[in-house]
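The values are calculated or read from the model by the stated rules, or taken from the named source; none is laboratory data. Since this is a predicted model, take the numbers as computed values, not measurements. Note that each Cβ is placed from the backbone with ideal geometry, even for glycine, and that neighbours are counted across all protein chains shown. For accessibility, only protein heavy atoms count, side chains too; no ligands or nucleic acids. Shrake-Rupley method; radii C 1.70, N 1.55, O 1.52, S 1.80 Å.
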Amino acid sequence: MEKENKIGSYDFVAEPFHVDFTEKLTMGVLGNHLLNCAGIHAAERGFGIAELNENHYTWVLSRLAVEMEEMPRAYEKFSIRTWVENVYRLFTDRNFEIVNAAGKPIGYARSIWAMISMETRKPADLLALHGGGITDYICDKECPIEKAGRVKVNEAEPVARYTAKYGDIDLNGHVNSVKYIEHALNLFPLEMFREKSLRRFEVAYVAESYYGDTLCFYREQVGEGEYDIEIKKNDTEVVVRIKMIFN
């Protein structure tokens, strides 16, 4: 199969209601676009979430790392390209390239996904999906950013608490992946985003949380403009670990 047929490319516009007060696309909206592109790319190749649901399976995001040189500004056109880098028995690596209207790359992302049983919530064998057909779409296109690293927060007291509400819950019945990103960004004052840009964002999903759970946010500064964040539900179980690097 030709490399071009393995890569999906999807066009967007930075709508005015998708940007923040600096007129730049928000990381939450970009995250949603990335996940939507992943879903469309998978569906176009026969392993999308709707088809998996028929057999009581679904995709879940395990890790996401996004690194941006610049964010699209209001009304600017941009495209997201996505492809499968590797397929293992329980996980698959999917990468993204964000390009501006002139075709110049302005950012990249790496993600790790698992296919789980909707009944047991345990990972399923990806190599058994369509007889291993997903491996036909593995592509060697370069993704020049580092994979997500490890995050461990040592702070004992949370900087914020939030109770998961209706608007946080997705079609799988748990808190939406991107909602964690948005809530973590809200830990920082407006001045941070006025003076700096979010260059890199990493998130690792550890467990699920649900409507009514209290999300406790622990934040630790580990370097210049670098913050590690841990989110626990009901102050006990870690559900998400995040790293943010501003410059």
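Couple of notes before you dig in:
- Residues of the stretch 133-146 that are open to solvent by 30 Å² or more (accessible area, probe 1.4 Å), closer than 16 Å to Tyr88 by Cα and not in a helix (DSSP H, G or I): Ile138, Asp140.
- Glu208 passes every criterion in (1) more than 16 Å from Arg241 (Cβ to Cβ); (2) not in a strand (DSSP E or B) apart from (1).
- Counted residues, the stretch 186-204 - those being under 23 Å from Ala156 (Cβ atoms) and either touching a Phe, Trp or Tyr at 6+ places or on another chain (Cβ under 9 Å) or open to solvent by 40 Å² or more (accessible area, probe 1.4 Å) (or both): 5
- Subset tally (residues that are more than 18 Å from the chain's Cα centre (by Cα), of a type outside the set (Lys, Arg) and open to solvent by 30 Å² or more (accessible area, probe 1.4 Å)) for the stretch 205-227: 9
- When the stretch 1-27 is limited to residues that are assigned to a helix (DSSP H, G or I) and at pLDDT 95 or above, the one that is least open to solvent (accessible area, probe 1.4 Å) turns out to be Met27.
- Whenever a residue of the stretch 116-128 is among the hydrophobic types (A, V, I, L, M, F, W, C), its partners that are at pLDDT 80 or above and loosely packed, with under 11 Cβ neighbours inside 10 Å, lying with C-beta atoms within less than 7 angstrom and at least six residues away or across chains, give the pairs Ile116/Lys122.
- Selection of the stretch 154-177 for residues being of a type in the set (Gly, Ala, Ser), over 21 Å from the mean Cα position of the chain (by Cα) and at pLDDT below 95 yields only Ala156.
- Checking Ile229, Ile242 one by one, the residue that is closer than 23 Å to Asn95 by Cβ, among the β-branched types (Val, Ile, Thr) and assigned to a strand (DSSP E or B) is Ile242 and no other.
- Reported count of residues in the stretch 70-89, each being out of contact with any Ser or Thr (no Cβ under 9 Å at 6 or more places or on another chain) and open to solvent by 20 Å² or more (accessible area, probe 1.4 Å), is 6.
- Of the criteria (1) buried (at least 17 other Cβ atoms within 10 Å of the Cβ); (2) part of a strand (DSSP E or B), which one Ile106 fails: (1)
- Any chance Glu230 is among the acidic types (Asp, Glu) and either at pLDDT below 95 or surrounded by fewer than 17 Cβ atoms within 10 Å (Cβ to Cβ) (or both): no
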